[in-house]
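Everything below concerns the one structure shown next.
The values are calculated or read from the model by the stated rules, or taken from the named source; none is laboratory data. Everything quoted here is computed from the prediction, not taken from an experiment. So basically every Cβ, Gly included, is an ideal-geometry build from the backbone, and we count neighbours across all protein chains shown.
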Ligand SMILES: [Zn+2]
């Protein structure tokens, strides 16, 4: 493992079942960067991670991976429907594992922290507004840019 070269056999041993399945289901070959990135998303307490976050976590774990590779794998995972990319203002984007349940985000402009929320009143009001204009919503994104309240944090 120290030389960073894996044969497929070696990788299968360190792979968790879910990661193995997810990669295969997506038609992606099992490679070290792909496995590590998937592991990070599945074990992270923070659901939303930037490419730089991922890059740093891999390096902290002692593996040599270039930032370009991280970007490439994230894009592949996005195309494969494993990850969802959230684009915010100022070229700030994060990735998260695809999930069925809809949610919106708020972004702290001080810390860059991304917080998920869902509010049924807002959801219903949006449906109503679209309907009033003769449409139904097929998708939407709502992002709140926030700052901590005085005294908080
Ligand atoms: Zn999210």
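Observations on the model:
- The residues of segment 110-143 that are farther than 30 Å from residue 76 by Cβ and in contact (Cβ under 8 Å) with a residue 24 or more places away in the chain amount to a single one, 110.
- Qualifying positions in segment 120-140 - surrounded by 10 or more Cβ atoms within 10 Å (Cβ to Cβ) and closer than 27 Å to residue 82 by Cβ: 123, 137, 140
- Condition met for residue 70 (surrounded by 11 or more Cβ atoms within 10 Å (Cβ to Cβ), at pLDDT 95 or above and in the same structural domain as residue 33 (by TED's automatic domain parsing)): yes
- Of the residues in segment 96-106, at least one is within 16 Å of the ligand (Cβ to nearest atom), part of a strand (DSSP E or B) and in contact with a helix residue (DSSP H, G or I) (Cβ under 7 Å, 6 or more places away or on another chain).
- Checking 85, 57, 29 one by one, the residue that is surrounded by 11 or more Cβ atoms within 10 Å (Cβ to Cβ) and over 23 Å from residue 140 (Cβ atoms) is 57 and no other.
- Residue in segment 60-74 that is more than 14 Å from the ligand (Cβ to nearest atom) and touching a strand residue (DSSP E or B) at 6+ places or on another chain (Cβ under 8 Å) present: yes
- In segment 29-56, the residues that are more than 15 Å from residue 70 (Cα to Cα) and more than 16 Å from the ligand (Cβ to nearest atom): 29, 43
- Single unsatisfied condition, residue 149 versus (1) modelled with pLDDT under 95; (2) closer than 20 Å to residue 50 by Cβ: (2)
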